[in-house]
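The values are calculated or read from the model by the stated rules, or taken from the named source; none is laboratory data. In this text, all values refer to a predicted model and were calculated from it rather than measured experimentally. FYI the Cβ positions are ideal-geometry reconstructions off the backbone, even for glycines, and counts take in every protein chain you see. Just so you know, the surface numbers come from the protein's heavy atoms only, side chains and all, with ligands and any DNA or RNA stripped out. Shrake-Rupley method; radii C 1.70, N 1.55, O 1.52, S 1.80 Å.
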Amino acid sequence: MDAIELGEPDRILHVMTRRKFLGTTIAGSATVLAGTVFQKLASAVTTPATQSTFQLGGDLSVNRLGFGAMRLTGQGIWGWPPDRENAKKVLRRALDLGVNLIDTADAYGPETDELLIAEALHPYPKGLVIATKGGITRPGPGQWVPNGRPDYLSQCVDKSLKRLKLDRIDLYQLHTVDRKVPIEESLGALKAAQDAGRIRHVGLSNVTTQEIDRAKKILPIVSIQNRYNITDRESEDVLTYCDREKMGFLPWAPVGGSGRSSLTKSGNPLEAEAKRYNVNAVQLALAWLLQKSPVMLPIPGTSSLKHLEENMAAAKLQLTPDDWKRVAA
């Protein structure tokens, strides 16, 4: 995994938020209210309800559909958003709709994303988990360069704490493995921060199962954030690992990113199937992810209030085992 791949514009795409899951099944044509948006989720459902929460690190209960805040920045994931007040409204509305897991990074902006979250939401409501990341520098728009040096990561933690107005970060993730620095050295800095009480839990991003094994020899790892969606399952082995170890799996680009593979574009392979349920392809893709694994914590992102509320409705859609397999195919 190199810096160019990390710099793809679809790095975390539409973060769709999730309202606390209600009910056990949806039968026939059900009309659900997500904020001001009504969506018909028509399906014959016989499966149990998807578990709505996950215990991150064993002690943080989060609703499984979170929000990725990367898109609340300027073009090229650089600078402030063109409409700062709207970005703050999206963050606040996400919480209204039940989101209590927000993912960000010091590289988004850089720095502006964390500052915006604090500006919109501080003082934070009880139970809100803000997950941030460090280990990538931003020379310019669209440029992403790893830096896993221990002294740099230690500074990153302190600066994120200040920007987010936190005494301790609930989940701090190594943004990527720096090929010039052994992962053991990078994580040594995060372990020191954890021992000092500045970090509660540690996660990894853009890693292999072998790298997870190496990391776990240094300190406990509670979550992994890799690219994964219904059309890109290259990290299937990592998801299987997380399933087995009961580690949270945060798929970035959960609906295909913003490139040609994006499920937000017309003509995508899920469109016809989505019509069967009177939903859009993005909603179906998110529902598929939530039923894929109980450790799956999708973090789709959007700067649109309308899309945010539409995405919330995806949490209501349950697929029968046969439907789920057909969608996967």
Item to check | Filter result (crowded, with 18+ Cβ neighbours inside 10 Å, of a type in the set (D, E, K, R) and either modelled with pLDDT under 95 or not in a helix (DSSP H, G or I) (or both)) within the stretch 147-178 | outcome: Asp170, Asp178
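Every residue, every condition in (1) under 21 Å from Pro254 (Cβ atoms); (2) in contact with a helix residue (DSSP H, G or I) (Cβ under 6 Å, 6 or more places away or on another chain), yes or no:
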| residue | (1), (2) |
| --- | --- |
| Gly68 | yes, no |
| Leu91 | yes, yes |
| Gly109 | no, no |
| His122 | no, no |
| Pro125 | no, no |
Item to check | When residues of the stretch 107-146 are limited to those that are among the β-branched types (Val, Ile, Thr) and farther than 23 Å from Val207 by Cα, the one surrounded by the fewest Cβ atoms within 10 Å (Cβ to Cβ) | outcome: Thr112
Checklist entry - Does Val181 satisfy the condition of being in a strand (DSSP E or B), in contact with a helix residue (DSSP H, G or I) (Cβ under 9 Å, 6 or more places away or on another chain) and surrounded by fewer than 24 Cβ atoms within 10 Å (Cβ to Cβ)? => result no
Item to check | Residue tally, condition among the charged types (D, E, K, R), closer than 29 Å to Ser61 by Cβ and either in a loop (DSSP other than H, G, I, E, B) or at pLDDT below 95 (or both), over the stretch 240-270 | outcome: 1
Checklist outcome for this item: Conditions (1) open to solvent by 60 Å² or more (accessible area, probe 1.4 Å); (2) hydrophobic (A, V, I, L, M, F, W, C); (3) touching a Gly at 6+ places or on another chain (Cβ under 9 Å) -> Ala196 fails only (3)
Item to check | Residues that are open to solvent by less than 20 Å² (accessible area, probe 1.4 Å), of a type outside the set (Gly, Ala, Ser) and either over 15 Å from Met247 (Cβ atoms) or assigned to a strand (DSSP E or B) (or both), drawn from the stretch 207-234 | outcome: Ile224, Gln225, Asn229, Ile230
Checklist entry - Which one of the conditions (1) free of Cβ contacts under 8 Å to residues at least 12 places away in the same chain; (2) open to solvent by less than 50 Å² (accessible area, probe 1.4 Å) does Leu97 fail to meet, given that it meets all the rest? => result (1)
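So, in the stretch 49-94, exactly how many residues are in a strand (DSSP E or B), open to solvent by 40 Å² or more (accessible area, probe 1.4 Å) and under 27 Å from Thr137 (Cβ atoms)?
Residues meeting the conditions: 1.
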Item to check | Failed criterion for Leu250 (all others in (1) within 21 Å of Gly98 (Cα to Cα); (2) in contact with an Asp or Glu (Cβ under 7 Å, 6 or more places away or on another chain); (3) surrounded by fewer than 19 Cβ atoms within 10 Å (Cβ to Cβ) hold) | outcome: (3)
Next on the checklist: of a type in the set (Gly, Ala, Ser), in a loop (DSSP other than H, G, I, E, B) and closer than 25 Å to Phe249 by Cβ: is that true of Gly197 in this structure?
Outcome noted: no
Checklist entry - Is there any pair linking a residue in the stretch 272-301 that is over 19 Å from Ala94 (Cβ atoms) and in a loop (DSSP other than H, G, I, E, B) to one that is modelled with pLDDT under 90 and of a type in the set (Ser, Thr, Tyr), with Cβ under 7 Å and at least six apart or on different chains, and which? => result Tyr277/Ser43
